[in-house]
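The structure appears below as structure tokens.
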There are 2 protein chains.
Amino acid sequence: MPHNTQQLHGCSLVAGAPATPEGGVNEFAAIDPARGEPLPPSFFEVSESLLEQAATAANEAQLVLSETKPETRAALLRQIAEGLEQLGDALIERCGAETALPAARLENERGRTVKQLRMFADLVEEGSWVDARIDRALPDRTPAPKPDLRRVLVPIGPVAVFGASNFPLAFSVAGGDTAAALAAGNPVVVKAHPSHPGTSELVGEVIRAAVARLGLPGGAFSMLHGAGTQVGAALVGRPEIQAVAFTGSLSGGRALFDIAAARPQPIPVFAEMGSTNPVFVLPGALRARGSEIAHGLAASATLGTGQFCTQPGVVFVPQAPERDDWIEECARAITAQSCSAMLTPQIAAAFEDAAARIEASPGVTRLGITPATPETTPNNLGSPQSGSGSVPTGAMPLGGARAFRTDLETYLSTPLLRSEVFGPCTIFVTLETDAELLKAAAAIGGQLTATVHGDPAELTQHRELNAILAGSVGRLIFNGVPTGVEVCSAMQHGGPYPATTAPQFTSVGTAAIERFVRPVCYQDMPQELLPVELRDDNPRGILRQVDGVYTRAAVEP
Amino acid sequence: MPHNTQQLHGCSLVAGAPATPEGGVNEFAAIDPARGEPLPPSFFEVSESLLEQAATAANEAQLVLSETKPETRAALLRQIAEGLEQLGDALIERCGAETALPAARLENERGRTVKQLRMFADLVEEGSWVDARIDRALPDRTPAPKPDLRRVLVPIGPVAVFGASNFPLAFSVAGGDTAAALAAGNPVVVKAHPSHPGTSELVGEVIRAAVARLGLPGGAFSMLHGAGTQVGAALVGRPEIQAVAFTGSLSGGRALFDIAAARPQPIPVFAEMGSTNPVFVLPGALRARGSEIAHGLAASATLGTGQFCTQPGVVFVPQAPERDDWIEECARAITAQSCSAMLTPQIAAAFEDAAARIEASPGVTRLGITPATPETTPNNLGSPQSGSGSVPTGAMPLGGARAFRTDLETYLSTPLLRSEVFGPCTIFVTLETDAELLKAAAAIGGQLTATVHGDPAELTQHRELNAILAGSVGRLIFNGVPTGVEVCSAMQHGGPYPATTAPQFTSVGTAAIERFVRPVCYQDMPQELLPVELRDDNPRGILRQVDGVYTRAAVEP
């Protein structure tokens, strides 16, 4: 039976049950960002002792979970997906109230979330992802015999997952990180994002019920509430936690990384921290498809009020006769987009602040239409406590989407321009020579994506540009837009720092499961004790390396 | 023509040439550990400006290297292997003088080193290791078309490799880390270990010549000398370096990890820092094969004077009638082994110090034969500068190999007993109940290996023991010894911290290449610009995932 908003209990879920809050804990409420008003009920910040209980229970669940069959893990993921669908409109309504995201977008995001869960269910059922490797014994080898060696990926241990404000479903409680960690056989402790605690509770209860229904230990899943950074910091510091997944700001991700690196036992932190997602528009493409590119770019830059980590924040435009007109066309298209309320009043205030500082930056010109309400200064936005929080536009980008223009020298010498602005803001940087084009490419730093628009001959001619960009990004896009991250086996959503803290991994797609496993090699282990994936007869029929050769065949004893 | 010891120049190799030392730099010499005397010539510590040159040149070489064909990389690795073989006895002699390792061991280690180089050459030529993934476009998909996405592993960037004292060939200048990093297409900057600088120069010159012969940029390989920790620390701090590989002590590895984590751009550190490699001997095995196990264990514990990261440092023995006699038999076998000089006087001094502290620890009993020279105190060992360094036994473990006995409570409550002692020292821990057996297993912490001796019925009965151990180790061995790390596709040489700083990776075997790559996804990239591994026609015939299905077939356009 669907759990609805009236029933929200406001408690953390600790090892299989809502945890009765202890006296004296902080309470907080979700804020409706469209109206700047708190939403009932109150949520209780988890206490230190409950946090410890969650971590301890996760640790205790580890052994059982690591020995679950792939079918059990797949059933768990599919039951969670089904449970999310069964929540129906209650989920979309609560989530919409907490995030100001439109119902259509949230329905879409729910679709993606259940798709991710089912994708990992399929992956673990197929089974070849465990990268099984068998090197057979050579008992007669001289000077020393070779033992039998068999290697497989095993779960890494309890994973701390941080919900993201901008993906309340797909990167939060039952999002891609949780799905991948559970698929790999790990207990998960989620730190719910305080901007959508009700959504988190609805989703967390679905996972809790699925865990119970499958007879798995309650410690397999906990979900903790906390309004500030303290609960998350304490969670990452718990010795039971073996890996951390985070999607959010550079400052937040780096803080968690630093805590994890300073532990007596350092642990990996898979933090996806956003990007400026540079776009390069070559002259031939500009000439041939200028308007099409302009309108695609404007839609991408303002989609979801620009609140995507792949939002194109900077566009490099080489010398071309049509350039000035084209940049104006882009700017008009961007600033003409209507903006919805942003995810939180704090995000809206940070956006206005950054945009104002860019506008005031020497060598930068603001482009596009005049904002509708120029008399409203960004400072009026404040925090929800500031008194002005109850105006309907409490989390609205008051000046609308922004477009700016500058030259390469100014861009390169102004750190402010090179940092991600979370929201609908795009800076156009003009380039005068081919040398400047390569200089810009070499200077972009670690990015989730870069995009190149060019006609076929131009792209071939700029082979070096592509190679330089590929050296800095997780995904290189041709004649497209960076927003829209496909959930599939070939996706790479990641990139060198500061895009992420773990450039060797992805947070989207089937390869995301690799974050939560580590290899173990068994030497001369008796057949009947081996993990099923490593047995001679290959009962799961998975693809393996046998003596270095890929095969699904059984091993001759 | 082979380079011989008389020609040693003592210089760092910076971007393709021996670097003329600047005035005022530190000089140091290798010490012959068997005699405690310095060996000519002097080696020049690299200056900060030369170090910067090496890092800059590596960065500049990155683009060219990343675009080399697999055949070129394979040729480079094979030429290095051949060059090492051509050094002939000159290499073995210099290496023996610097390390006190016997010629037979060094010839064996050279064999392993060239095997590793050729293994990676074969791996990159076969090519499937790049984990190519293709998801074809669905232009007619609704509501939005799916783009064409293709993902492949690309080189991570300049790699800093630290030579290890205990593997002057296989884990030093042309060792497994360098081989894997070059195979992946990265420039390498080696910090040569100061205990074998002449060996490092001989090997470094081979790599330098091979790089030049293939017409690759000189920045593809540099090798830096430094007597202390300063050069290595500065190298890891250079912004050009993108990954670090290290084999050595916990304190050394952790120091580099901390430097790397504190950089403005944190980078991964693959530090393999050793282990106590616990051994569990179950009663049935003890009864059936006690003597065989005892002698295998003693040989493994004292092999190479115990200077292996997989040396078995602790043995857990449950209650059994034969137990006391068996432990005595082991201890006699261990302490009867003759010890060679250790790798450096510092290592010998540290060993004597740790062994003396263990012996003085309450609840611990020393076992086995009386040492031959009890009147010589460990303090006489000193450092090579201390005046006693010139005695022939300057780096000898004066008390010989050690064996100790204690109970679980003492073991668990004494951190000294749980830390790795680098050298021939093994502690026997008696267990009284099955509960103590599981408690011991749960307490071992991160380890490179654990070993279980048991008869078939016993192993099945102790399934939980195996599962607990697998949760803490990189490799789990049955009825064997932990020393002897096979170089093959199924090897996992790694493990949870403190065994390594990167439990998701291995430093031995083909999978070691995964440390030095990261994935990049190309979206809608024109065929002719794609890396060859991602093209429709699959010209290299590698195994790929196409729409999530493994195949070597070409993709239908």
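The values are calculated or read from the model by the stated rules, or taken from the named source; none is laboratory data. Here the structure is a predicted model, which is why all the values come from computation and not from measurement. All Cβ positions, even for glycine, are placed from backbone atoms using ideal geometry, and neighbour counts span all protein chains on display.
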**Request:** Would you check if A:GLN492 is within 14 Å of the chain's Cα centre (by Cα), touching a residue at least 12 places away in the same chain (Cβ under 8 Å) and more than 7 Å from chain B (Cβ to nearest Cβ)?
**Result:** no
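When you scan the stretch A:313-329, do you find a residue that is in a loop (DSSP other than H, G, I, E, B) and more than 20 Å from A:ARG287 (Cα to Cα), even just one? Give the derivation first.
Let us first name the residues in the stretch A:313-329 that are in a loop (DSSP other than H, G, I, E, B), namely A:313, A:319-322.
Next, only the ones that are more than 20 Å from A:ARG287 (Cα to Cα) stay: A:313.
Yes, some residue in the stretch A:313-329 is in a loop (DSSP other than H, G, I, E, B) and more than 20 Å from A:ARG287 (Cα to Cα).
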**Request:** Give the residue that is nearest to the other protein chains (Cβ to nearest Cβ), with candidates limited to residues of the stretch B:229-263 that are assigned to a loop (DSSP other than H, G, I, E, B) and out of contact with any strand residue (DSSP E or B) (no Cβ under 9 Å at 6 or more places or on another chain).
**Result:** B:ARG263
**Request:** Collect the residues in the stretch B:330-345 that are of a type in the set (A, V, I, L, M) and in a helix (DSSP H, G or I), keeping them in residue-number order.
**Result:** B:ALA331, B:ALA333, B:ILE334, B:ALA336
**Fill in**
Quick count over the stretch A:31-70, residues being closer than 21 Å to A:VAL14 by Cβ and part of a strand (DSSP E or B), is 4
**Message:** Out of the residues in the stretch B:499-524 meeting the condition of being among the polar types (S, T, N, Q) and assigned to a strand (DSSP E or B), tell me which one is nearest to the other protein chains (Cβ to nearest Cβ).
**Reply:** B:GLN523
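Could you check the stretch A:3-30 and list, in sequence order, the residues that are part of a loop (DSSP other than H, G, I, E, B) and without any contact (Cβ under 8 Å) to a residue 12 or more places away in the chain? If you could, list the steps in order and put the result at the bottom.
Filtering the stretch A:3-30 for residues part of a loop (DSSP other than H, G, I, E, B) gives A:3-4, A:8-12, A:15-16, A:19-26.
Selection gives A:THR20, A:GLY23, A:GLY24.
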**Message:** Tally up the residues in the stretch B:473-484 that are surrounded by fewer than 22 Cβ atoms within 10 Å (Cβ to Cβ) and more than 7 Å from chain A (Cβ to nearest Cβ), please.
**Reply:** 1
**Prompt:** Where residues in the stretch B:495-509 are under 23 Å from A:GLY494 (Cβ atoms) and without any contact (Cβ under 8 Å) to a residue 40 or more places away in the chain, which of them is surrounded by the fewest Cβ atoms within 10 Å (Cβ to Cβ)?
**Reply:** B:GLN504
**Request:** From A:GLU37, A:GLU45, A:GLU60, A:GLU67, grab the single residue that is of a type in the set (Asp, Glu), more than 26 Å from the chain's Cα centre (by Cα) and over 20 Å from A:VAL211 (Cα atoms).
**Result:** A:GLU37
**Residue identified as closer than 30 Å to B:SER340 by Cβ and in contact with an Asp or Glu (Cβ under 9 Å, 6 or more places away or on another chain) among B:LEU282, B:LEU224** = B:LEU224
**Item:** Pair list, Cβ under 7 Å, 6 or more apart: the stretch B:142-155 residue at the interface with chain A (Cβ under 7 Å from one of its Cβ atoms), other residue part of a strand (DSSP E or B) and hydroxyl-bearing (Ser, Thr, Tyr)
**Value:** B:ARG150/B:TYR522
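Within the stretch A:264-312, can you find the residues that are of a type in the set (Val, Ile, Thr), more than 12 Å from chain B (Cβ to nearest Cβ) and assigned to a strand (DSSP E or B)?
In the first step, residues of the stretch A:264-312 are kept if they are of a type in the set (Val, Ile, Thr); the result is A:267, A:269, A:276, A:279, A:281, A:293, A:302, A:305, A:310.
With the extra rule that they be more than 12 Å from chain B (Cβ to nearest Cβ), the set shrinks to A:276, A:279, A:281, A:293, A:302, A:305.
Within the stretch A:264-312, A:VAL279, A:VAL281 qualify.
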**Request:** Report, by residue number, each residue of the stretch B:515-541 that is without any contact (Cβ under 8 Å) to a residue 60 or more places away in the chain and among the acidic types (Asp, Glu).
**Result:** B:GLU528, B:ASP536, B:ASP537
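Can you tell which of B:ALA298, B:ALA336 is within 21 Å of B:THR406 (Cβ to Cβ) and among the hydrophobic types (A, V, I, L, M, F, W, C)? Don't jump to the end; show me each part of the working.
Values: B:ALA336 fails: within 21 Å of B:THR406 (Cβ to Cβ).
Matching residue, one of B:ALA298, B:ALA336: B:ALA298.
Just checking, does the stretch A:451-472 include any residue being under 28 Å from A:LEU101 (Cα atoms), within 26 Å of the chain's Cα centre (by Cα) and either buried (at least 17 other Cβ atoms within 10 Å of the Cβ) or in contact (Cβ under 8 Å) with a residue 24 or more places away in the chain (or both)?
yes
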**Prompt:** Regarding B:ALA512, is this residue touching a Leu at 6+ places or on another chain (Cβ under 8 Å), touching a residue at least 60 places away in the same chain (Cβ under 8 Å) and either among the β-branched types (Val, Ile, Thr) or surrounded by 24 or more Cβ atoms within 10 Å (Cβ to Cβ) (or both)?
**Reply:** no
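Looking at the stretch B:114-188, what strands (runs of 3 or more DSSP E) fall wholly within it and have at least 1 residues that are under 16 Å from B:ALA220 (Cα atoms) and either small (Gly, Ala, Ser) or under 17 Å from the mean Cα position of the chain (by Cα) (or both)? Give the steps one after another, and end with the answer.
On the way: elements: B:133-135, B:149-155, B:159-162.
Per the criteria, B:159-162.
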**Message:** Which pairs turn up if I take residues in the stretch A:223-242 that are modelled with pLDDT under 95 and look for partners that are crowded, with 19+ Cβ neighbours inside 10 Å with beta carbon separation below 8 Å, at least 6 apart in sequence or on another chain?
**Reply:** A:GLY228/A:PRO194
